[in-house]
Structure formats: C-alpha cells, structure tokens
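Working notes, structure below.
The values are calculated or read from the model by the stated rules, or taken from the named source; none is laboratory data. Note that the coordinates shown come from a computational prediction; the quantities given were computed from them, not determined experimentally. Please note: Cβ atoms are built from the backbone with ideal geometry, for glycine as well, and neighbour counts cover all protein chains shown. These accessible areas exclude ligands, DNA and RNA; they are computed on the full protein's heavy atoms, side chains included. Shrake-Rupley method; radii C 1.70, N 1.55, O 1.52, S 1.80 Å.
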Amino acid sequence: MKTLIAANWKMNPGTYAEAVSLVKSVRVPRSENLEVVFLPPAVFLKPLSEVFPHHLWGVQNVYFESAGAFTGEISAEMARDAGASYVLVGHSDRRLKFGETDEVVAKKAAAALEKGFRVVLAVGETERGGEANVIESLKKSTEGVLSQDLERLTIAYEPVWAISTTPGAEADTPEHAASVIGKLKEALDLRYIYGGSVTSENAGDFLHVPNIAGALVGRVSLDAGEFSKILKIVAK
Ligand code: PGA
C-alpha cells in the first residue's frame, strides 16, 4: 500500500499566483510507494489541476447534496469537474469552527464515496487524554458508508491539540498516535494516516510506524522546501 501525503493548505495562500509558485517549487519524487494529493482552496482547483495535471488534487470539504439552494457550498460533482479525485471531510476546523457534527461528516463521506472519490476523513480528540471519544466519533462519522466503498476511505487521526494552529501545540508522539490508531483499527480496519504538526524532522518517525500509512500536512505543506523533504523521506 502506498504512503499517502495530503497537503491541506486550508485558506492559504492568499493568491492564485502564489498557489502556482508553491506547486511549481514542490519536488514530487517518482516513487511507487508515494501518493501525494494537494488540497487547495476550491477556487484555485480548476486552474491548478489544468496547469499541473500530473498531480493528484482534492478539496477540503464538499456538501452532500448534488445541487440546489445551498448557498456557499460546493458539490462533489463540482469538485470532480474542477479536477478533484480526493475529498477531505471532517477536518477539525470544519467541526469546531463551522459546527460540523459526526452525522454531517458521515453524510459528506458517504456522498463523496458513492460518487467514486477517495475520501480522507479526519477524527481526533480536542484535549490531551480525550482519546476515548475518538472511537465513538469514528463510528458515527462513518455511519451509512457502504462497505464496498470502504476501500477508498482513509482515516486521518489528527489530535486537535497537536495541530500547529492550536495554541501550545506540539506533535503527538509516534507511540501515542500508533496506540490510538491501533484502537481505531480494531473498530474499523482501514488505512490510517497521522496529522498534527508534521514536519520534515518528525515525518520519518511517524511514517516508520507500521500502522501509520501517511500524513495530513497543514502548515508545512505551504513551505515547498520542507514539504519536498517530507516527500523525499517517504520515497526512500
Ligand atoms: P498542521 O495541520 O500540520 O499545521 O498541524 C494539520 C491539519 O490541520 O490538517
């Protein structure tokens, strides 16, 4: 199974020109073991995917309906038309800042999977020590996902306290992440990746853990040099 490195740009960079220059500067090594997906802001997706068709592209969020009176939302079909093959759902920004519940995340995941996307579904406890809730959240966030679609679903374990934008954040330890992922895997045996302050310094430690099949990278995905170093580590 390939190692998945997903670049979650969040609401960055500020302009399309900066986005182009970022992608141009990233060195994606040719490797059988590596799958890299860029998740830019949706308004940049169509031109980026046309300028860089050899990369994999995705969106940071979709709505579960296909069309209609849902002002401000985009559908999975629109994301596909813009060049996406991946969809991220359930990121903690969406959950905590936009009030997305496990039930909404489940509907989004199921809808995107049914439409043939590869889906990365993020779960993670907000406070250190809150892991017990993550299994429950995972179960609820995948309710209604068809078993034949599970093969295209990847879970990102992202403890919110470890995400670089959380005040005082520091990366989880590979041991702790592996132990939580081990428990999640008992509940749902899928591909798991880790997210939360991944850098070129710690990526190797996480990615050597057998349970951890990749990384969801935020801040460092905006730094072409550092991000390229992570890709190089995986490709080795
Ligand atoms: P970070 O973000 O790598 O900046 O901690 C990860 C994420 O929020 O997906």
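Considering only Ala76, Ser49, Ala213, the residue lying farthest towards the positive end of the dipole of the chain is Ser49, judged by Cα position with unit charges set on Cβ. Note on surface exposure: Val36, Val51 rank Val51, Val36 by accessible area, highest first, 1.4 Å probe. In the chain, helical runs assigned H by DSSP with n ≥ 4 each contribute -39500 (n - 2.57); averaged across all residues and rounded to the nearest 500, the mean residue ellipticity at 222 nm is -10000 deg cm²/dmol.
The heavy atoms of Asp93 offer some 40 square angstrom of accessible surface to a 1.4 angstrom probe.
The antiparallel fraction among DSSP beta bridges confined to the chain stands at about 0%. Under a Gaussian network description of the chain, with springs only between Cα atoms under 10 Å, the residue in Leu96, Leu207, Leu138 that fluctuates furthest is Leu96. Over region 133-183, the alpha carbon radius of gyration divided by the compact-protein estimate 2.2 N^0.38 Å works out to 1.35.
Note: relative contact order over the chain, using C-alpha pairs below 8 Å and six or more positions apart, is 22 percent.
Modelled this way, with points 7 Å down the Cα-to-C-beta line, the labels at Ser164 and Asp81 are 3.4 nm from one another.
Per-residue SASA remark: Arg152, around 50 Å² accessible (1.4 Å probe; ligands, DNA and RNA not included). When +1 charges are put on Lys and Arg Cβ atoms and -1 charges on Asp and Glu Cβ atoms, the dipole computed for region 99-178 relative to its Cα centre reaches about 380 debye. Each Lys and Arg Cβ is given +1 and each Asp and Glu Cβ -1; about its Cα centre, the chain then shows a dipole of about 600 debye. Within the assembled protein chains, the solvent-accessible surface assigned to Ser197 is about 30 Å², based on a 1.4 Å probe.
Considering only Val28, Val105, Trp9, the residue lying farthest towards the positive end of the dipole of region 1-145 is Val28, judged by Cα position with unit charges set on Cβ. For the chain, the alpha-carbon coordinates run over 42, 42, 35 Å along the three principal axes, in decreasing order. In the chain, carbon and sulfur make up what percent of the accessible area (probe 1.4 Å)? It is 52 percent, rounded to a whole number.
Which of the pairs Lys140/Lys185; Lys10/Lys107; Lys2/Lys24; Lys46/Lys108; Lys10/Lys232 have their Cα atoms more than 18 Å apart in this structure?
Values: Lys140/Lys185 15 Å; Lys10/Lys107 21 Å; Lys2/Lys24 23 Å; Lys46/Lys108 21 Å; Lys10/Lys232 23 Å.
Cα-Cα > 18 Å for Lys10/Lys107; Lys2/Lys24; Lys46/Lys108; Lys10/Lys232; rest within.
When the chain is treated as a GNM with alpha-carbon contacts under 10 Å, the residue of Arg95, Arg118, Arg191 showing the greatest mean-square fluctuation is Arg95.
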